[in-house]
2 protein chains.
Amino acid sequence: MATGRTHRPATRSRGIPEATVARLPLYLRALTALSERSVPTVSSEELAAAAGVNSAKLRKDFSYLGSYGTRGVGYDVEYLVYQISRELGLTQDWPVVIVGIGNLGAALANYGGFASRGFRVAALIDADPAMAGKPVAGIPVQHSDELESIIQDNGVSIGVIATPAGAAQPVCDRLVAAGVTSILNFAPTVLTVPDGVDVRKVDLSIELQILAFHEQRKAGEEATARTSAPAPAAARRDSATDQGPDGDVPAVMPA
Amino acid sequence: MATGRTHRPATRSRGIPEATVARLPLYLRALTALSERSVPTVSSEELAAAAGVNSAKLRKDFSYLGSYGTRGVGYDVEYLVYQISRELGLTQDWPVVIVGIGNLGAALANYGGFASRGFRVAALIDADPAMAGKPVAGIPVQHSDELESIIQDNGVSIGVIATPAGAAQPVCDRLVAAGVTSILNFAPTVLTVPDGVDVRKVDLSIELQILAFHEQRKAGEEATARTSAPAPAAARRDSATDQGPDGDVPAVMPA
DNA sequence: GGTTGTGAAAAAATTCACAGCG
DNA sequence: CGCTGTGAATTTTTTCACAACC
């Protein structure tokens, strides 16, 4: 889960479990693909496969939304697209601002998945005066001095932070002060926000680290060559439960 | 949770719960920051705050790794950094390739968080011949024709896919055929892989959709104005559990 | 006194398995 | 029959709360 919330576990979602909410976008994407291929109906089995989950979970998830299927038949694709979109709030227009127009900010600005889902990039904001006026993805970058007025003039409630780590918290504070209540944070920092503000984070390296963990386990099914630990320090070790039973650093990976 | 696995729930982690594994990188990041400030020890309470979780959870997580703390004192920062790094497999060098050097691929290539965590960008690969040879983040882009040889020559086991959605599955197939066993997928598609290959996905728009869901809930605490649904289709509705109890699309957001 | 480590309790999420309906 | 919707069972994750230990 490359996510995380600071404060409040978010409005506790009127009954829909958080885990289900997190999967709705997945279903929506799969359904949209079917819709584009003009597939009229789909069974839980098929849709589950397309979304990469199992069908029991999918049916359970949908059961929290209502009874939108037809027994013996499946789900009407268009209808379900609408219901999920509505549930996710994507039937309305969400103006978002992206702060920090480096490589990542530019990638986000160009990312088609936003526009197609009810999100509208209302403004790109960067602290570098040299960027001001330069168009990225067809939108001129504005200087951060204007942050507050941009938020207010456009009624922006969702902000995306793609700045370096050091700038993230100050930017976050300004966004919140200006009225933003949801923040998507790409900077590798934990943001502190007041109650009532949601933060989700995407940390590009976290996912890679989780992969490394599993990768190591695949490779290290045998090796137990002990490489010396870099000298603890203050607290010394004695307990027997100290080191996990499996080896460490297998030297190379299998071709 | 911007994540997901296709096939195998991954080697079931020799006892360490998946939820814990997913938090280790978080702890590591917080610890690294403390280490840079030369803080020698930290309590579960402090570290938990820095990582954005609660302290009971953190202690429980650490308990799966072993008894690395000192009662009445806390945890030795350096020692814990090492233990977590080792557990995650970050004490070894992981060569990775990034396929698809658009905005996002470039952002990833430039992302400092990789190098600092044991990941080494072994190659950048793009299908566009015009890109070949151009350096991005100091690394010359190579043409996809070379994909297989690059993987093999560098012993790459982790691949990052940052191509457009349509190219993702073919690229994935080639990566896997060439020996890659872990894939981080940024393309908005579900990848199909054989058993033994791990896939994690990061979908930039999914997180935003989850935020929209909560945002909608905050705003829509009152409104119940019904906007007409866009005509179901095949299966018609009749059940009483049809529509969720709360309204839909609140018009605008609060300034 | 302060803080960890962890059983035990509680809550959440997943899976099973099948009744019920089309 | 086929497939949904869902209670019940199971598994996983989180939280509590306190004994053990420095």
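Quick note: the coordinates plus some simple rules give every number you see, no bench work behind them. The shown structure was predicted, so the numbers you read here are calculated from the model rather than taken from an experiment. Cβ atoms come from the backbone with ideal geometry, glycine included; neighbour counts cover every protein chain shown.
About the Cα centre, and with charges only on the beta carbon of Lys, Arg (+1) and Asp, Glu (-1), how big is the dipole of region B:112-173? Nearest 20 debye, please.
The dipole of region B:112-173 has a size of about 380 debye.
Taking the alpha carbon gyration tensor of region B:12-88, what are the square roots of 5 times its eigenvalues, largest first, to the nearest whole Å?
Numbers: eigenvalues 67, 33, 29 Å².
They are 18, 13, 12 Å, listed from largest to smallest.
What are the semi-axes of the equivalent ellipsoid for region B:22-171, taken as the square roots of 5 times the Cα gyration tensor eigenvalues, largest first, in whole Å?
On the way: eigenvalues 293, 38, 37 Å².
For region B:22-171, the ellipsoid semi-axes come out as 38, 14, 14 Å.
Tell me the distances, shortest first, between A:Thr192 and the same position across the other copies, using label points 7 Å along Cα→Cβ, in nm to one decimal.
5.0
If the label point is 7 Å along Cα→Cβ of A:Ser116, which residues in region A:17-35 have backbone nitrogen under 14 Å from it?
Within reach of a label on A:Ser116: A:26-35.
Multiply the residue gap between B:Glu46 and B:Ile139 by 0.36 nm, knock off their C-alpha separation, and tell me the result in nm, one decimal place.
29.5 nm
Give the calculated FRET efficiency between A:Val39 and A:Thr70 to the nearest 0.05, with a Förster radius of 22 Å applied to their Cβ-Cβ distance. Don't jump to the answer; show the numbers that get you there.
Values: r = 15 Å, r/R0 = 0.68.
Efficiency, rounded to the nearest 0.05: 0.90.
Under 29 Å between alpha carbons, and skipping anything fewer than 8 positions from B:Lys134 in its own chain: which lysines qualify?
A:Lys134, B:Lys201
Say the dipole of region A:94-205 comes from +1 at the beta carbon of Lys and Arg and -1 at that of Asp and Glu; which of A:Val180, A:Val202, A:Gly100 then lies farthest toward its positive end?
Of the candidates, A:Val202 comes out farthest on the positive side.
Need one number for region B:94-205: average projected area of the convex hull over its C-alpha atoms, nm².
On the way: hull surface 25.8 nm².
Average projection, Cα convex hull of region B:94-205: 6.5 nm².
Projecting each Cα onto the charge dipole of region B:94-205 (Lys/Arg +1, Asp/Glu -1 at the beta carbon, about the Cα centre), which of B:Val160, B:Ala137, B:Ser116 comes out farthest on the positive side?
B:Ser116
Between A:Ala56 and B:Gln152, with labels modelled 7 Å along Cα→Cβ, what's the label distance in nm to one decimal, could you check?
For the pair A:Ala56/B:Gln152, the computed spacing is 4.3 nm.
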